[in-house]
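> This structure is in structure tokens; I'll ask about it shortly.
The values are calculated or read from the model by the stated rules, or taken from the named source; none is laboratory data. Everything quoted here is computed from the prediction, not taken from an experiment. With ideal geometry, Cβ positions are generated from the backbone for all residues, glycine too; neighbour counts draw on all protein chains shown.
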Amino acid sequence: MKGHHLIWIRRISQAFFLGLFLFLLVETRLAHDVYQDYSMAVSTGEEIVLEKPVGFFFELDPLVWLSSLISGHQWNAGALWAVLVLVLTLFLGRVFCGFICPLGTMHHLAGALRPALKGSERIKANKKAPSQKVKYFILIAAVVSALLGLNWVGLFDPMAFLFRGMALAILPGIGDALREVFHAMAQSDVKIFNLLSYGAEVLVAPVFGYEGKAYQTAWFMGILFLVVLFLNRIRPRFWCRTLCPLGALLGVCSRFSILRLEKDADKCTECKGCQKTCQGAASPMPGNSWESAECLMCFNCFGNCPEDALSFRLALRWPPAANPGPDMGRRAVLGGLLAGVSLPFLARLDGRIHKATDPRLIRPPGSLPEEDFLTLCQRCGLCMKVCPTNVINPTLGEAGMAGFWTPRLIMTQGYCEYTCTLCSHVCPTGAIARITAREKTQKPIKIGSAYVDRGRCLPWSGNAPCIVCEEHCPTSPKAIYLKKAGVPAPQGKTLQVQLPYVDLRRCVGCGICENKCPVRGKPAIRTIAAGESRSLKNQILLGGPSAFGS
Amino acid sequence: MGNDQPISRREALRRMARISSGVAFAGLAPVTLPSWAGQESEKFLIKGVGREENYSLKTLIQKVFDSAGGLQRFISKGDVVVIKPNISWARAPELAATTNPEVLRALIELCQEGGAKKVRIADHTIHDARRCFAITGVGSVAKKTGADLVFPRSSLMKDMKLRGSRLDIWPVFVPLVEADKVINLPVAKHHSLSSLTLGMKNWIGGVGGSRWSLHQDIHQSIVDLARFFRPTITLIDATRILVRNGPSGGSPSDVETKNTLILTDDPVAGDAEAARLFNLDPKKIGFIRLAEKWNLGTADPLALERKQVVL
């Protein structure tokens with residue numbers, strides 16, 4: 001096969017997988033489409049689940065599989081895909097990076113479409129650099145940390161990085177901007193703009209939703225994402241070459257790849273065309289030793305060599321000859337080991353895991369106990385994207401350093417709907433264990449407890465009658481109950497009101513009371529994590545979660 | 001397309017302008033003189049009860065309308081009809097927290113057979129609308145009947161002048177005010193503050209904004225809304241009623257079967273009649289008493305034409 005054929009096959013594959021990723025990203029939500037068939041949900045009480053495999057790219061990601069296995073001892077359902085990718089890498093090198101990875105494709109596009117660097121500058125930028133060892137450092141540190149019970153690989157895993165950045169920052173950002181434009185058009189006096197704004201809303205809403213979404217720290221995710229994309233203008237595929245731990249893992253696995261770059265030094269005229277388009281900075285030029293662990297299998301060198309001095313060949317020999325090993329350098333290895341061992345312990349020093357958990361750390365329903373949770377959570381944002389009420393947010397400091405960007409419920413932003421189990425169904429690693437609506441409501445699965453802040457509460461403070469928290473309480477019988485009373489009111493009067501009380505045995509911590517309380521900002525009824533059934537320790541009442549079954 | 005489609009913004013704005021100017025003029029008249037004052041003698045209330053084992057809801061509704069003079073008295077050919085059910089909570093139909101989807105379905109079919117050009121279903125839900133559509137059965141009904149199910153998005157909430165005594169300017173769910181005919185289709189159920197939620201309280205689901213603050217003066221808020229939204233007709237679904245743990249219920253033990261429907265063009269009389277199903281004295285319910293005072297209708301069962309249909 002000719003080189004440029006391979007390049008076209010690569011481009012088609014890249015476009016397909018990027019498209020698939022974006023499609024699944026958008027589909028990670030409850031559709032607004034009222035045409036869909038709801039009859040199953042009504043007639044059989046079946047769960048509302050997403051039918052599309054929105055977590056597919058996380059099943060495909062060997063790093064998600066590996067880190068879940070060694071850290072949480074969890075063999076994921078979709079693990080076969082990940083193993084397939086590893087096997088493919090063993091034979092064909094980092095074809096995942098060149099052909100499949102949607103983040104890689106984005107970087108490829110950002111670096112190759114109207115490149116900022118021209119000529120010799122570009123050749124220089126594609127020269128192998130010592131910074132490429134950093135990714136091995138990250139990989140080793142993440143794997144060792146995962147072994148010791150803190151799985152932070154998701155902070156750097158390309159699928160998690162891409163999903164988080166796109167779903168929590170880029171997509172809501174674009175959606176907000178578009179809504180602003182339509183709003184302005186709808187207000188316009190020009191007739192055609194009015195009409196267009198209506199049509200545009202119908203087109204745009206299915207992708208971006210009707211309402212804006214907000215996520216804590218999303219601005220930071222967005223900046224990070226854009227900066228990393230921008231770096232492609234200075235050093236093409238900066239992320240893939242320098243930071244990507246998945247690339248590092250696949251690089252290590254490419255040791256015995258039988259798909260090799262064969263160089264014919266006699267034909268080479270040193271035009272450096274191969275290095276000018278090299279994606280991985282893998283030294284494709286004859287005279288240098290080809291770095292199979294750095295090569296992203298983009299086939300640009302093969303396709304662009306005017307002298308046919310380069311070609312990729314399947315080297316079928318027995319025993320297979322090893323490729324040169326990945327150039328990690330001793331410092332990256334030792335540093336990685338050291339960092340990997342230190343981080344799980346350093347991360348505990350803030351006391352958030354054992355000593356004093358943050359009362360605001362309310363995890364999604366079905367979440368494993370905190371220590372197990374941290375061995376599995378990829379911080380990917382799937383649960384946050386899918387949540388219909390926008391209650392699930394990335395943490396900042398609530399879960400301590402160890403849990404940065406893990407999910408947390410912010411009840412002033414949304415609430416956990418009583419029979420909804422979507423987050424548990426999309427979690428790619430089982431950090432949020434799969435639950436059914438029946439389990440959630442019957443066991444019940446408690447995520448926290450509500451309490452009334454009497455000084456702020458309207459009836460308790462004698463300011464007005466109000467029963468909004470009780471009205472919205474979803475349990476039956478209600479966990480919030482009312483007692484009639486006369487309370488002192490301004491000007492020496494007595495106000496007849498119904499005072500809300502919380503029955504902690506019934507409260508599941510869903511937070512709808514906090515969300516709907518008329519005292520905005522800091523509501524008069526609030527939810528804290530205490531009483532969550534996932535923890536034996538974090539209980540208020542004697543009898544703990546055992547009172548509700550295990 | 002179609003199903004989920006709102007009226008175009010242009011049209012919405014045009015109609016809004018018309019409505020707000022209308023309301024502005026209405027505001028010039030003394031408030032104690034509602035537009036239908038003096039027509040009380042023509043008001044009616046039809047109670048339909050299903051006694052047979054497997055009675056047909058559609059036949060019952062048909063007969064109830066027939067004894068009110070026929071559906072064509074209210075729905076003309078080519079009308080755009082909007083139905084306001086109560087589907088606030090993502091609860092299964094049998095828990096009686098929401099309008100019975102079979103009643104809704106039968107009503108839509110009758111409207112369609114009666115020549116309505118378009119039937120829309122609109123409610124500003126409390127739980128996530130997508131989940132409410134799915135779980136209450138209303139989504140299935142929309143799909144089966146081809147009625148439009150309007151998604152209560154914020155772009156359809158427009159500030160309007162309610163001119164109430166409590167509520168002045170408030171965001172209103174536009175599709176509910178811009179149809180030719182409006183049918184209020186509430187479910188009768190218990191409520192912890194207003195004691196019951198029936199037809200007039202159903203209009204809390206017709207507005208947006210900070211609805212949680214309405215509860216500080218719930219009875220006046222209900223009456224203000226009932227004075228703004230004036231349905232062509234109200235059909236109260238009491239096929240099964242939620243007698244405690246309202247308004248969201250959650251347990252089948254909170255539900256009683258009544259197999260009753262109440263059709264009326266007097267919002268107060270309808271609510272009063274439904275209250276009697278709960279063995280409550282309507283005169284002791286704040287918003288009913290207040291609504292009478294504001295001349296919205298009468299809670300006196302003898303003050304209007306009454307009929308009963310039994311199947």
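Table: residues versus (1) hydrophobic (A, V, I, L, M, F, W, C); (2) within 12 Å of chain B (Cβ to nearest Cβ).
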| site | (1), (2) |
| --- | --- |
| A:Gly462 | no, no |
| A:Ile467 | yes, yes |
| A:Leu482 | yes, yes |
| A:Pro488 | no, no |
| A:Gln491 | no, no |
| A:Arg505 | no, no |
| A:Gly509 | no, no |
| A:Ala530 | yes, no |
| A:Gly543 | no, no |
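> Looking at the stretch A:48-77, which of its residues are free of Cβ contacts under 8 Å to residues at least 40 places away in the same chain and within 16 Å of A:Met159 (Cα to Cα)?
Selection gives A:Pro53, A:Phe56, A:Trp65.
This table checks each residue for (1) closer than 19 Å to A:Met328 by Cβ; (2) of a type in the set (Gly, Ala, Ser); (3) without any contact (Cβ under 8 Å) to a residue 12 or more places away in the chain.
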position	(1), (2), (3)
A:Ala141	yes, yes, no
A:Leu147	yes, no, no
A:Ala160	no, yes, no
A:Ala169	no, yes, no
A:Pro172	no, no, no
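> Among the residues of the stretch A:155-212, write down those that are among the acidic types (Asp, Glu) and assigned to a helix (DSSP H, G or I).
Within the stretch A:155-212, A:Asp176, A:Glu180, A:Glu201 qualify.
> Also, quick follow-up: Check every one of the helices (runs of 4 or more DSSP H) wholly within the stretch A:297-410 and list those with 2 or more residues that are within 23 Å of A:Ser67 (Cα to Cα).
A:330-346, A:370-376, A:382-386
> For the stretch B:221-232, what are the residues that are within 23 Å of A:Val519 (Cα to Cα) and either within 12 Å of another protein chain (Cβ to nearest Cβ) or out of contact with any Ser or Thr (no Cβ under 7 Å at 6 or more places or on another chain) (or both)?
Answer for the stretch B:221-232, where residues must be within 23 Å of A:Val519 (Cα to Cα) and either within 12 Å of another protein chain (Cβ to nearest Cβ) or out of contact with any Ser or Thr (no Cβ under 7 Å at 6 or more places or on another chain) (or both): B:Ser221, B:Leu225.
> Right, another one. Kindly provide the set of residues from the stretch B:177-193 that are away from chain A (no Cβ under 14 Å), in a strand (DSSP E or B), buried (at least 23 other Cβ atoms within 10 Å of the Cβ) and of a type outside the set (A, V, I, L, M, F, W, C), ordered by number.
Within the stretch B:177-193, B:Asn184 is the sole residue that qualifies.
> On the given criteria, is B:Ile108 in contact (Cβ under 8 Å) with a residue 40 or more places away in the chain, more than 10 Å from every other protein chain (Cβ to nearest Cβ) and either under 29 Å from A:Tyr418 (Cα atoms) or within 18 Å of the chain's Cα centre (by Cα) (or both)?
no
> For residues that are more than 16 Å from A:Ala167 (Cβ to Cβ) and polar (S, T, N, Q), tally how many sit in the stretch A:369-394.
Count: 1.
> Continuing with the same structure: Is it the case that A:Cys513 is surrounded by 14 or more Cβ atoms within 10 Å (Cβ to Cβ), away from every other protein chain (no Cβ under 13 Å), under 18 Å from B:Gly249 (Cα atoms) and modelled with pLDDT of 95 or more?
Criteria not met by A:Cys513.
> Hey, among A:Gly414, A:Gly403, A:Gly381, which residue is touching a residue at least 12 places away in the same chain (Cβ under 8 Å), within 14 Å of chain B (Cβ to nearest Cβ) and under 20 Å from the mean Cα position of the chain (by Cα)?
That would be A:Gly414, the only listed residue that is touching a residue at least 12 places away in the same chain (Cβ under 8 Å), within 14 Å of chain B (Cβ to nearest Cβ) and under 20 Å from the mean Cα position of the chain (by Cα).
> Taking the condition at pLDDT 90 or above, in a helix (DSSP H, G or I), away from chain A (no Cβ under 14 Å) and crowded, with 24+ Cβ neighbours inside 10 Å, does B:Leu235 pass?
No, not satisfied.
> Which of the residues spanning the stretch A:344-365 are in contact with a helix residue (DSSP H, G or I) (Cβ under 6 Å, 6 or more places away or on another chain) and modelled with pLDDT of 95 or more?
A:Pro364, A:Pro365
> If you take the residues in the stretch A:123-133 that are surrounded by fewer than 20 Cβ atoms within 10 Å (Cβ to Cβ) and in contact (Cβ under 8 Å) with a residue 12 or more places away in the chain, which one is farthest from A:Asp61 (Cα to Cα)?
Top of the filtered list is A:Ile123.
> Further, regarding this structure: Picking from A:Ala218, A:Ala265, A:Ala177, which residue would you name as being at pLDDT 90 or above and touching a Pro at 6+ places or on another chain (Cβ under 9 Å)?
Of the residues listed, the single one that is at pLDDT 90 or above and touching a Pro at 6+ places or on another chain (Cβ under 9 Å) is A:Ala218.
> Could you list, in sequence order, all residues of the stretch A:238-261 that are buried (at least 24 other Cβ atoms within 10 Å of the Cβ), at pLDDT below 95 and outside any helix (DSSP H, G or I)?
Residue satisfying the conditions is A:Ser257 alone.
> Now for a different question. Just to check your reading of the model, which residue among A:Arg506, A:Arg526, A:Arg534 is touching a Leu at 6+ places or on another chain (Cβ under 8 Å), within 26 Å of A:Gly366 (Cβ to Cβ) and not acidic (Asp, Glu)?
From the options A:Arg506, A:Arg526, A:Arg534, the qualifying one is A:Arg534.
> Just name the residue that is nearest to the other protein chains (Cβ to nearest Cβ) out of those in the stretch A:493-503 that are touching a Pro at 6+ places or on another chain (Cβ under 9 Å) and either over 29 Å from A:Pro369 (Cα atoms) or part of a strand (DSSP E or B) (or both).
Top of the filtered list is A:Gln498.
> While we're looking at this one, here's another question. If a residue must be at the interface with chain A (Cβ under 9 Å from one of its Cβ atoms), out of contact with any Asp or Glu (no Cβ under 8 Å at 6 or more places or on another chain) and surrounded by fewer than 20 Cβ atoms within 10 Å (Cβ to Cβ), how many such residues does the stretch B:111-152 contain?
The qualifying residues number 1.
> Still on this structure, I have one more. Give the number of residues within the stretch A:44-80 that are surrounded by fewer than 16 Cβ atoms within 10 Å (Cβ to Cβ) and assigned to a loop (DSSP other than H, G, I, E, B).
10
> Please work out which residue is farthest from A:Phe57 (Cα to Cα), limiting yourself to the stretch A:405-422 and to residues that are at pLDDT 95 or above and among the hydrophobic types (A, V, I, L, M, F, W, C).
A:Met411
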